[in-house]
Amino acid sequence: MTKEMREGGPGRVGQVKEVTSLANPIVKDIKALTQKKTRDETHSFMAEGLKLVIDALELGWAIRTLVYAKAAKGKPAVEQAAARTVAKGGLVLEVSEKVISSITRRDNPQMVVGIFEQHWTRLSDLYPVDGQTYVALDRVRDPGNLGTIIRTADASGASGVILVGECTDPFSLETVRATMGSVFAMPLIRASAEEFLAWKKKAGVRVVATHLAGSVDYRTIDYRKKPVVLLMGNEQSGLPDALAREADALARIPQAGRADSLNLAVATGVMLFEARRHLLSLEARA
């Protein structure tokens, strides 16, 4: 990573760097964020699109670099984002369309890209209360699935997404794209299976897991008892026995037709909105 990116600023307040070369070292650093190793080492990630950048800034995320194409220069919202980036000590780059296409790996790229610091919530800092719903994902592998689940968790009013075991990176370019900006609104937590089970006992949550051997129709479960954690298994192998045994309820989603299972993101969405339906009915009676 270049000195300027490490220090987060262009040296002179208000300065905008103009970049047209793909060989520019800062551009190379940004392009390297497509690799998980670089994201982990720098604790940063890339988000595409002016709306996502503005949402992130409004939610207080730390921005390191703002990149915009020359075609976007002069637009009030872009100028405002640039000013806010400089005010926070970030670097602003004005680049050619060739450069921004190279960064995003798209032929028709977004005109604005932000490089942000990663933010994780610690499991030990979670103190669930009644009425809250969390999603716990065991070894989720597909970036599109994870991004869609984060987006759906946000839309359903969930309080966080817990990544259990070796999961795909929520800050990969593919996952961030699939969240449509919800990555900035949804607390993300990571834990080993052992840490998750130890937290479950201390936190007093009720874990409802989907499982092929589930004996309870998901619609008959009362999601209003205690804070609920919806535990979803790996796309290929489902939940391991060690986690399934610790669930307070093993749910099944009845299906018709020849399909024997649902896509993970779809199944998680079904569970999230069923839990939301129960909570809304409780609020309506209050």
Where the second residue is assigned to a loop (DSSP other than H, G, I, E, B) and modelled with pLDDT under 95 and the first is not assigned by TED's automatic domain parsing to the domain that holds VAL129 and crowded, with 18+ Cβ neighbours inside 10 Å and lies in segment 203-214, which pairs have Cβ atoms under 7 Å and are six or more apart or on separate chains?
none
Within segment 245-263, does at least one residue satisfy the condition of being in a helix (DSSP H, G or I) and surrounded by fewer than 21 Cβ atoms within 10 Å (Cβ to Cβ)?
no
Residues of segment 102-123 satisfying the condition of being over 16 Å from LEU173 (Cβ atoms) and exposed (fewer than 13 other Cβ atoms within 10 Å of the Cβ)
ARG122
Against the conditions (1) surrounded by 16 or more Cβ atoms within 10 Å (Cβ to Cβ); (2) of a type in the set (Gly, Ala, Ser); (3) modelled with pLDDT of 95 or more, where does ALA32 fall short? Just the number, please.
(1)
Which of the helices (runs of 4 or more DSSP H) found entirely inside segment 16-61 contain at least 1 residues meeting this: in contact (Cβ under 8 Å) with a residue 60 or more places away in the chain, more than 17 Å from GLU97 (Cα to Cα) and in the same structural domain as ALA77 (by TED's automatic domain parsing)?
36-42, 50-58
For segment 81-122 the number of residues that are in contact with a Gly (Cβ under 7 Å, 6 or more places away or on another chain) and within 18 Å of LEU33 (Cα to Cα) is 4
Filtering segment 75-111 down to residues that are in contact (Cβ under 8 Å) with a residue 40 or more places away in the chain, within 19 Å of LYS51 (Cα to Cα), of a type in the set (S, T, N, Q) and not in a helix (DSSP H, G or I) yields GLN110
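The values are calculated or read from the model by the stated rules, or taken from the named source; none is laboratory data. Being a predicted model, the structure only gives us computed values, none of them experimental. Using ideal geometry, Cβ is built from the backbone for each residue, glycine included, and neighbour counts are taken over all protein chains shown.
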